[in-house]
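Chemist: Here's a structure for you.
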Amino acid sequence: MAWLPGAIRACYFLAALLFILGLKRMSSPRSARAGIVWAGVGMALAVAATFALPGLGHRGLILAALSIGTAAAWWSGRRVAMTAMPQMVALYNGMGGGAAAAIGAVELVGFAGAAVTLLDGRSFTADGQAPGTAQLSLAVLGALIGAVSFSGSLVAFAKLQGWLDRRFTFSGQRVVNLLVLALAIVLGAMLVGGRLTPPLIAGFFALALLFGLMMTLPIGGADMPVVISLYNAFTGLAVAFEGFVLGNEAMIIAGTVVGAAGTLLTQLMARAMNRSLGNVLFGNFGATTGAAQAIAGAQKPIEASDAAVMMAYAERVVIVPGYGMAVAQAQHKVWEFARLLIERGVKVKFAIHPVAGRMPGHMNVLLAEAGVPYDLIADMDEINPEFPSTDVALVIGANDVVNPLAKTDPASPIYGMPILDVAAAKNVIVVKRGKGTGFAGIENALFYADNARMLYGDGQAVAGELVAALKTLDA
Amino acid sequence: MAWLPGAIRACYFLAALLFILGLKRMSSPRSARAGIVWAGVGMALAVAATFALPGLGHRGLILAALSIGTAAAWWSGRRVAMTAMPQMVALYNGMGGGAAAAIGAVELVGFAGAAVTLLDGRSFTADGQAPGTAQLSLAVLGALIGAVSFSGSLVAFAKLQGWLDRRFTFSGQRVVNLLVLALAIVLGAMLVGGRLTPPLIAGFFALALLFGLMMTLPIGGADMPVVISLYNAFTGLAVAFEGFVLGNEAMIIAGTVVGAAGTLLTQLMARAMNRSLGNVLFGNFGATTGAAQAIAGAQKPIEASDAAVMMAYAERVVIVPGYGMAVAQAQHKVWEFARLLIERGVKVKFAIHPVAGRMPGHMNVLLAEAGVPYDLIADMDEINPEFPSTDVALVIGANDVVNPLAKTDPASPIYGMPILDVAAAKNVIVVKRGKGTGFAGIENALFYADNARMLYGDGQAVAGELVAALKTLDA
Amino acid sequence: MLDGFLALYVFMLAAFTGYEIIARVPVILHTPLMSGSNFIHGIVLVGAMIALGHAQTSLEIGIGFVGVLLGAGNAAGGYVVTERMLEMFKSSRPGRGEPR
Amino acid sequence: MLDGFLALYVFMLAAFTGYEIIARVPVILHTPLMSGSNFIHGIVLVGAMIALGHAQTSLEIGIGFVGVLLGAGNAAGGYVVTERMLEMFKSSRPGRGEPR
Ligand SMILES: NC(=O)c1ccc[n+]([C@@H]2O[C@H](COP(=O)([O-])OP(=O)(O)OC[C@H]3O[C@@H](n4cnc5c(N)ncnc54)[C@H](OP(=O)(O)O)[C@@H]3O)[C@@H](O)[C@H]2O)c1
Ligand SMILES: NC(=O)c1ccc[n+]([C@@H]2O[C@H](COP(=O)([O-])OP(=O)(O)OC[C@H]3O[C@@H](n4cnc5c(N)ncnc54)[C@H](OP(=O)(O)O)[C@@H]3O)[C@@H](O)[C@H]2O)c1
């Protein structure tokens, strides 16, 4: 990119630096906010510098597309509820993948035109050379990955949004998917080989998009966060590859960093669920779980007022939220209840399992939204030794992450997953609506434990009753 | 470096990768050994690839220098005692700095020759271009830093080896040093400006070497480890700069990584000593400490046999080694004693302060040499809460790192440094030769504490007596 | 197009940097981190702008336009969502009053 | 000589990589780490070999020779010393017998 003026390259350099520093600051809740702002400044800088590029045409069009895209995303991002974050991330990520694919498409179409006019050598590197094999391969690879990430992320979005409820499965699906992928790769190889005809290009993109679709459709909605994280890494890689083609170092670095980071995050998520990535992608998890096995004992119900009294006079209470709290949007009421307890002198902590909810850190975000300070929030390793000295563990909408079968039943699909050891507390109160199972679709031995009491009802309603009961107690 | 054959560049790439992976593995004691081996393979690869460089002359001379240097360093490195590690690291580091300076010198002399023959454009990049300003600046900067690191490290070596006992100070020293540095920079700037005459080059190097000498001479021997770590970072930077000049990416990356790592390590060391880097370099620490202030109470001696009995019947013993253990080479005897205690069922741990000894991790290396498994070794944060439940804390050759004045006396030079809280143990036994102070040159209130007993004598001799006493007990 | 080996070096180093930085992020921040890194690959917008800016046929212009649109959505959406989440993380220590 | 900006990128990324990797090393390993990183800048040997290999006057050859000598000392010495130290770090857990 030696043809770029130094000032512009300096801006790109600064942008890359700010991205990295921003990510670094995101590693602590105290500095995380500043981190995203730094990264944002870097982005603004890079975009402004690009506008200043000499020889950049269609500025009006660029500005129009930029404004529309920014405004629409800004508006939707501001409005969306916190519980809908996973699908928004999927949507924005898909857009990035689509943009990378579009860059690849423009490149390839441009090369195709150049090939027809007998190699007039037009290329974005503007150095007057015909596209080399390396350049073509990277353009094609980036386009493939970007397109898969695009259509796959849109499916993930649709599923999480509830627009696509059923899983789409048929026998031989895996073979068909593999065939589609293989065909896309063959067409891509032909493109790299120099057969840059428009129909071939169109076919290549169609197949890539189709593969993203078909690969994502059979995956269950609850597995989506892992898939989104994977597609996030994909988009990063696609951006890096297209960056190589354009000779834009900021794109290379930002894309690669995200590619590596996303890969690591995906692994961490899969590991926290005690499953392999392959199992998530191809396992059809939960689809085959048989009837819930019978567990000896009975579930013993409790009333909200009794539960409130029990906690009001406890010394230590640990609140364990799960996916049900997100569904019920109960985080505000729960925090109101916790504050009332704290005012009474009860020591309250929130305990969060790494895969509670439906995406990593899901519960943390919700509690943060409600205003729970993060130093009241403990993670699994921290809190597990404290349960024996806890008077009441209040489980609200969590199920799998507190299921002792993960430790005792080798036949269970969640066997081996580390859990929150709530059963060790003196008393356990479980808030849920009925006999519904969790994500893994299995029975929970905790609910039948001697020290456990069930408090049936919707999370938000029950939290409201608990608050009311506490207030009458004080009155 | 596009003129290099691909295979050679691939070797350099692999070497850089192996260096980084090797460093990564050094972050855990379990994999550290493999880490250095990986890095070593990378080095061998890079050297072999360099031999294969087309157009490389003087291969006989290169082989000769390579063999002599390797053989001499290998032999000395194998033979040296563990206690002499700090100075050996200084020596090898100085050599690296010297090599970087030599590269710079060859470059500059070569450019000078080229300038005389009216810019025939000879340069190591072999692309037939005259040296640019950037290239010259980097060559000069790398040479400056390398030369300072060279002479400075040699002084550090000489001091630690005991060849240069006195500190070399005179009034106005700082100003003179600054002048020397300023003069070196002026000459360097003239070189960059194009005045590449041999006398100027010679003068530049002479001044750079002189500055390294004069800057290091006034620093106390005990501060040397921090200085060595700083020069380590210097050499890394010098190597990276000369790497830029030669267009050798492996040098750039390895040098920069070490530069960053060394800077961080230096900071960590200075922080652990609760001092700023400026204070280490210019502070003449300890030189001005007045007479030891009187502390109320008396030192109460104890006999080795009594001390041995006390520990033999204790439940928990924590051994706190310090610089004196290194001086006395007592680590083997101490571990023998600890093993005898462990055989009797006593729970023994070693507690290590981050700046015990004279370089970071000094005690860990000595104990490891004696064969103490690293899981018996606790660091400060781990062990401090355990002292109250410790029956006997055996302090052997440590002084400053267990001095309670760091917590109580704001006038003390070590005020604010976190210490090992041995005074909280039920009994404290302190092994030292007499009334000698530690590195900071101050009195230690611990020695006058009610629960402290002094066991006078050389560390190794005392440890031997303790072993003997335990053995008689068993007999 | 960069020189192949240099590209490889940059790629390797960037991958290490990304990996090492993320490896230290606590679980509590994983969701914002996912969306934050999602924001960062929004830099694709710059590439799309360059592509559109050099497009020649109307087909290229059309695809380029969509690319910029999508890239801008990625960048803007990623930023807003991440910022909203991170804004909510507060500590109880720095004398905060009644939470809302 | 590399293109200036590319050099800057490589420099920045390598610095981040070095910093992040070292930031996780436990204090117990600081001495071997210092000597290990000391070993790694022994790569200067390669540069000295190139310098000597392209030297022309006898002065250049002389300086180059010293450079290779010193560089080799850095690399070999750094390796031996580091390896010796790291070899000594052992855990008591994997069933080791009586320590010597
Ligand atoms: N965090 C991640 O990254 C991630 C990603 C993918 C999958 N997962 C998986 O998701 C699961 C998370 O476990 P979890 O314990 O948080 O949740 P869970 O196991 O899915 O259980 C949720 C429970 O909440 C109850 N519930 C639902 N709506 C409710 C409402 N409105 N009010 C009260 N309760 C309600 C349900 O019982 P009722 O129907 O009886 O009310 C259900 O038992 C794990 O299996 C994990 O592997 C996590
Ligand atoms: N670790 C680092 O990176 C580093 C670097 C630079 C400086 N420092 C500084 O070094 C100090 C380290 O503290 P430290 O507690 O380890 O050591 P120290 O404070 O220097 O004390 C050493 C003690 O050992 C005794 N001793 C000396 N030779 C002995 C022998 N042969 N047998 C028995 N005892 C002997 C001395 O007393 P007698 O003379 O009475 O025997 C002295 O009191 C700190 O102040 C630290 O800031 C550390």
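Chemist: Here is a check on your reading of the model: is B:Val245 β-branched (Val, Ile, Thr), at pLDDT 95 or above and surrounded by 24 or more Cβ atoms within 10 Å (Cβ to Cβ)?
Modeler: Taking the combined requirement at face value, the residue does not satisfy it.
Chemist: Select, from A:Gly188, A:Gly194, A:Gly212, the only residue that is buried (at least 18 other Cβ atoms within 10 Å of the Cβ), more than 30 Å from C:Thr31 (Cβ to Cβ) and more than 10 Å from chain C (Cβ to nearest Cβ).
Modeler: Details: A:Gly194 fails: buried (at least 18 other Cβ atoms within 10 Å of the Cβ); A:Gly212 fails: more than 30 Å from C:Thr31 (Cβ to Cβ).
Residue meeting the stated conditions: A:Gly188.
Chemist: B:Val355 versus (1) of a type in the set (Val, Ile, Thr); (2) buried (at least 24 other Cβ atoms within 10 Å of the Cβ); (3) within 17 Å of B:Ala338 (Cα to Cα): which is the lone unmet condition?
Modeler: So B:Val355 meets the others, but not (3).
Chemist: When you scan region C:15-32, do you find a residue that is free of Cβ contacts under 8 Å to residues at least 24 places away in the same chain, surrounded by 24 or more Cβ atoms within 10 Å (Cβ to Cβ) and among the small types (Gly, Ala, Ser), even just one?
Modeler: Checking region C:15-32: at least one residue is free of Cβ contacts under 8 Å to residues at least 24 places away in the same chain, surrounded by 24 or more Cβ atoms within 10 Å (Cβ to Cβ) and among the small types (Gly, Ala, Ser).
Chemist: Confirm whether B:Ala461 is within 14 Å of ligand 2 (Cβ to nearest atom) and farther than 24 Å from B:Asp223 by Cα.
Modeler: So B:Ala461 fits the description; yes.
Chemist: I would also like to ask the following. For region A:12-23, how many residues meet the condition of being facing chain C (nearest Cβ under 10 Å) and in contact (Cβ under 8 Å) with a residue 40 or more places away in the chain?
Modeler: Going through region A:12-23 one residue at a time, the tally reaches 6.
Chemist: While we're on this one: Sort through A:Met82, A:Met26 and tell me the only one that's within 8 Å of another protein chain (Cβ to nearest Cβ), surrounded by 15 or more Cβ atoms within 10 Å (Cβ to Cβ) and under 13 Å from C:Phe39 (Cβ atoms).
Modeler: Matching residue, one of A:Met82, A:Met26: A:Met26.
Chemist: Given A:Asp400, A:Asp421, which one is under 24 Å from the mean Cα position of the chain (by Cα) and among the charged types (D, E, K, R)? Let's see the steps before the verdict.
Modeler: Working: A:Asp421 fails: under 24 Å from the mean Cα position of the chain (by Cα).
Among A:Asp400, A:Asp421, only A:Asp400 is under 24 Å from the mean Cα position of the chain (by Cα) and among the charged types (D, E, K, R).
Chemist: Next question, about the same structure. Can you confirm whether C:Ile43 is free of Cβ contacts under 8 Å to residues at least 40 places away in the same chain, surrounded by fewer than 24 Cβ atoms within 10 Å (Cβ to Cβ), at the interface with chain A (Cβ under 7 Å from one of its Cβ atoms) and part of a helix (DSSP H, G or I)? Explain how you work it out, then say what you get.
Modeler: Values: free of Cβ contacts under 8 Å to residues at least 40 places away in the same chain: yes; surrounded by fewer than 24 Cβ atoms within 10 Å (Cβ to Cβ): no; at the interface with chain A (Cβ under 7 Å from one of its Cβ atoms): yes; part of a helix (DSSP H, G or I): yes.
When the stated conditions are applied, C:Ile43 does not pass them.
Chemist: In region A:340-410, which strands (runs of 3 or more DSSP E) lie fully inside it and hold 2 or more residues that are over 29 Å from A:Ser27 (Cβ atoms) and away from ligand 2 (no atom under 16 Å from the Cβ)?
Modeler: On the way: elements: A:347-352, A:377-379, A:392-396.
Hits in region A:340-410: A:392-396.
Chemist: Let me ask you something else. Among the numbered criteria (1) surrounded by 15 or more Cβ atoms within 10 Å (Cβ to Cβ); (2) modelled with pLDDT of 95 or more, which single criterion is violated by B:Ala158?
Modeler: B:Ala158 satisfies every listed condition except (2).
Chemist: Can you name the number of the only condition in (1) at pLDDT 90 or above; (2) crowded, with 20+ Cβ neighbours inside 10 Å that A:Phe439 fails?
Modeler: Unmet for A:Phe439, out of (1) at pLDDT 90 or above; (2) crowded, with 20+ Cβ neighbours inside 10 Å: (1).
Chemist: Regarding D:Phe11, is this residue facing chain B (nearest Cβ under 7 Å), over 23 Å from C:Val10 (Cα atoms) and either in contact with a Leu (Cβ under 9 Å, 6 or more places away or on another chain) or among the aromatic types (Phe, Trp, Tyr) (or both)? Before you say what the answer is, go through the steps one by one.
Modeler: Details: facing chain B (nearest Cβ under 7 Å): yes; over 23 Å from C:Val10 (Cα atoms): no; either in contact with a Leu (Cβ under 9 Å, 6 or more places away or on another chain) or among the aromatic types (Phe, Trp, Tyr) (or both): yes.
So D:Phe11 does not fit the description; no.
Chemist: Filtering region A:50-63 down to residues that are more than 8 Å from every other protein chain (Cβ to nearest Cβ) and part of a helix (DSSP H, G or I), which residue is nearest to the chain's Cα centre (by Cα)? Don't jump to the end; show me each part of the working.
Modeler: Applying the first criterion (more than 8 Å from every other protein chain (Cβ to nearest Cβ)) to region A:50-63 yields A:52, A:54, A:60, A:63.
Filter again for part of a helix (DSSP H, G or I), leaving A:60, A:63.
Values: A:Gly60: 35, A:Leu63: 30 Å.
Here the answer is A:Leu63.
Chemist: Residue under question is B:Gly203, and the condition is that it be modelled with pLDDT under 90, more than 14 Å from chain D (Cβ to nearest Cβ) and either more than 16 Å from ligand 1 (Cβ to nearest atom) or crowded, with 19+ Cβ neighbours inside 10 Å (or both); does it hold?
Modeler: Values: modelled with pLDDT under 90: no; more than 14 Å from chain D (Cβ to nearest Cβ): yes; either more than 16 Å from ligand 1 (Cβ to nearest atom) or crowded, with 19+ Cβ neighbours inside 10 Å (or both): yes.
Criteria not met by B:Gly203.
Chemist: What pairs can you find where one residue is in region A:251-262 and at negative phi, the other is of a type in the set (Val, Ile, Thr) and modelled with pLDDT of 95 or more, and their Cβ atoms are less than 6 Å apart, with a gap of 6+ or different chains?
Modeler: A:Met251/A:Val239; A:Met251/C:Ile43; A:Ala254/C:Ile40; A:Ala254/C:Ile43; A:Gly255/A:Val239; A:Val258/C:Ile40
Chemist: Which condition breaks for A:Ser171 when tested against (1) assigned to a loop (DSSP other than H, G, I, E, B); (2) small (Gly, Ala, Ser); (3) within 31 Å of the chain's Cα centre (by Cα); (4) under 17 Å from A:Leu138 (Cα atoms)?
Modeler: Evaluating A:Ser171 over (1) assigned to a loop (DSSP other than H, G, I, E, B); (2) small (Gly, Ala, Ser); (3) within 31 Å of the chain's Cα centre (by Cα); (4) under 17 Å from A:Leu138 (Cα atoms) leaves (4) as the failure.
Chemist: Given the condition within 29 Å of A:Ala298 (Cα to Cα), touching a strand residue (DSSP E or B) at 6+ places or on another chain (Cβ under 9 Å) and touching a residue at least 60 places away in the same chain (Cβ under 8 Å), answer yes or no: does some residue in region A:363-385 qualify?
Modeler: Of region A:363-385, the ones within 29 Å of A:Ala298 (Cα to Cα) are A:380, A:383-385.
Going one step further and asking which of them are touching a strand residue (DSSP E or B) at 6+ places or on another chain (Cβ under 9 Å), we end up with A:380, A:383-384.
Among the residues that remain, those that are also touching a residue at least 60 places away in the same chain (Cβ under 8 Å) are: A:383.
Yes: one or more hits.
Chemist: A:Trp38 versus (1) facing chain C (nearest Cβ under 7 Å); (2) in contact with a helix residue (DSSP H, G or I) (Cβ under 6 Å, 6 or more places away or on another chain): which is the lone unmet condition?
Modeler: (1)
Chemist: Could you go through region C:21-35 and let me know if any residue there is more than 7 Å from chain A (Cβ to nearest Cβ) and closer than 21 Å to C:Gly78 by Cα. Walk me through how you get there before you give the answer.
Modeler: So the first thing to find is which residues in region C:21-35 are more than 7 Å from chain A (Cβ to nearest Cβ), and the list is C:26.
Applying the additional criterion that residues be closer than 21 Å to C:Gly78 by Cα yields C:26.
Looking through region C:21-35, at least one residue is more than 7 Å from chain A (Cβ to nearest Cβ) and closer than 21 Å to C:Gly78 by Cα.
Chemist: From B:Gly40, B:Gly60, B:Gly55, which residue is modelled with pLDDT under 90 and surrounded by fewer than 24 Cβ atoms within 10 Å (Cβ to Cβ)? Give the derivation first.
Modeler: Values: B:Gly40 fails: modelled with pLDDT under 90; B:Gly60 fails: modelled with pLDDT under 90.
Residue meeting the stated conditions: B:Gly55.
Chemist: Residues B:Val401, B:Val428, B:Val422, B:Val462: which one is within 14 Å of another protein chain (Cβ to nearest Cβ), away from ligand 1 (no atom under 16 Å from the Cβ) and surrounded by 19 or more Cβ atoms within 10 Å (Cβ to Cβ)? It would help to see each step written out before you state the result.
Modeler: Details: B:Val428 fails: within 14 Å of another protein chain (Cβ to nearest Cβ); B:Val422 fails: within 14 Å of another protein chain (Cβ to nearest Cβ); B:Val462 fails: within 14 Å of another protein chain (Cβ to nearest Cβ).
When all the criteria are applied, what remains is B:Val401.
Chemist: Which residue, of A:Ala206, A:Ala238, is in a helix (DSSP H, G or I) and more than 26 Å from A:Asn279 (Cα to Cα)?
Modeler: Values: A:Ala238 fails: more than 26 Å from A:Asn279 (Cα to Cα).
Going through A:Ala206, A:Ala238 in turn, the sole match is A:Ala206.
The values are calculated or read from the model by the stated rules, or taken from the named source; none is laboratory data. Values in this document were obtained by computation on a predicted structure and should not be read as measured data. So basically every Cβ, Gly included, is an ideal-geometry build from the backbone, and we count neighbours across all protein chains shown.
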